[in-house]
Amino acid sequence: MADITITAANVKKSATSLVETGIAGATVTAGQTLYLAAASGKLLLADADNATAEVRVVKGIALHAALLDQPLQYTTGGKMAIGATVAAGTPYFASPIAGGIAPLADLLTGAFGTFLGWGVSTTEILVDISAAGVAKA
């Protein structure tokens, strides 16, 4: 699995980004995928091969760093600068590495990769999160 390498300082929302705010349930870095923990109501790192279904369903992508119990903004849709080199027309998914993002070609068999969005340039993705709830064959 080859996740994209994100430079946190280059993660940016755009004018079309849909932004929500929550509370971090752990240390989070800009560009990491998040899920909403039902028990605590806090945002934690999503993980596509976790045994718990809740952990595999991405709520959004972090727009900045946060420590435990700090406010955290994340995007749920629209264009964003992901802080990494991406390819236009390539679909990107949550990876089995907690908080990671990978192109479809690098998603391993058995991973419940939530679709995150399409690469629209070399630096931006169009976020459109969708969880199918099935493992890659």
Original post:
Among the residues of segment 63-84, is there at least one that is of a type in the set (Val, Ile, Thr), outside any strand (DSSP E or B) and at negative phi?
Top reply: no
Original post:
Can you name the residue in segment 85-128 that is in contact with an Asp or Glu (Cβ under 9 Å, 6 or more places away or on another chain), among the small types (Gly, Ala, Ser) and in a strand (DSSP E or B) and is also surrounded by the fewest Cβ atoms within 10 Å (Cβ to Cβ) among such residues?
Top reply: 102
Original post:
In segment 1-48, which strands (runs of 3 or more DSSP E) lie fully inside it and hold 1 or more residues that are free of Cβ contacts under 8 Å to residues at least 60 places away in the same chain?
Top reply: 18-23, 33-36, 43-45
**OP:** Considering only segment 27-36, state which residues are among the hydroxyl-bearing types (Ser, Thr, Tyr) and either surrounded by 14 or more Cβ atoms within 10 Å (Cβ to Cβ) or under 14 Å from the mean Cα position of the chain (by Cα) (or both).
**Re:** 29, 33, 35
Subject >> Failed item in (1) over 26 Å from residue 135 (Cα atoms); (2) of a type in the set (A, V, I, L, M, F, W, C); (3) under 12 Å from the mean Cα position of the chain (by Cα), with residue 24 passing the rest >> reply: (3)
Subject >> Scope segment 55-76; condition of a type in the set (D, E, K, R) and closer than 22 Å to residue 96 by Cα; matching residues >> reply: 56, 59
Original post:
Within the group 51, 39, which residue is small (Gly, Ala, Ser), surrounded by fewer than 18 Cβ atoms within 10 Å (Cβ to Cβ) and modelled with pLDDT under 95?
Top reply: 51
**OP:** State the number of residues belonging to segment 104-130 that are within 20 Å of residue 47 (Cβ to Cβ) and under 12 Å from the mean Cα position of the chain (by Cα).
**Re:** 9
Original post:
Can you spot a residue in segment 45-55 that is in contact with a Leu (Cβ under 9 Å, 6 or more places away or on another chain) and either over 24 Å from residue 135 (Cβ atoms) or among the hydroxyl-bearing types (Ser, Thr, Tyr) (or both)?
Top reply: no
**OP:** May I ask you to say which residue of 59, 136, 79 is in contact (Cβ under 8 Å) with a residue 60 or more places away in the chain, surrounded by fewer than 21 Cβ atoms within 10 Å (Cβ to Cβ), farther than 25 Å from residue 39 by Cβ and basic (Lys, Arg)?
**Re:** 79
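The values are calculated or read from the model by the stated rules, or taken from the named source; none is laboratory data. Predicted, not measured: the structure shown is a model, and the values here were computed from it. When we count neighbours, we look across all protein chains shown, and the Cβ atoms used for this are built from the backbone with ideal geometry, even at glycine.
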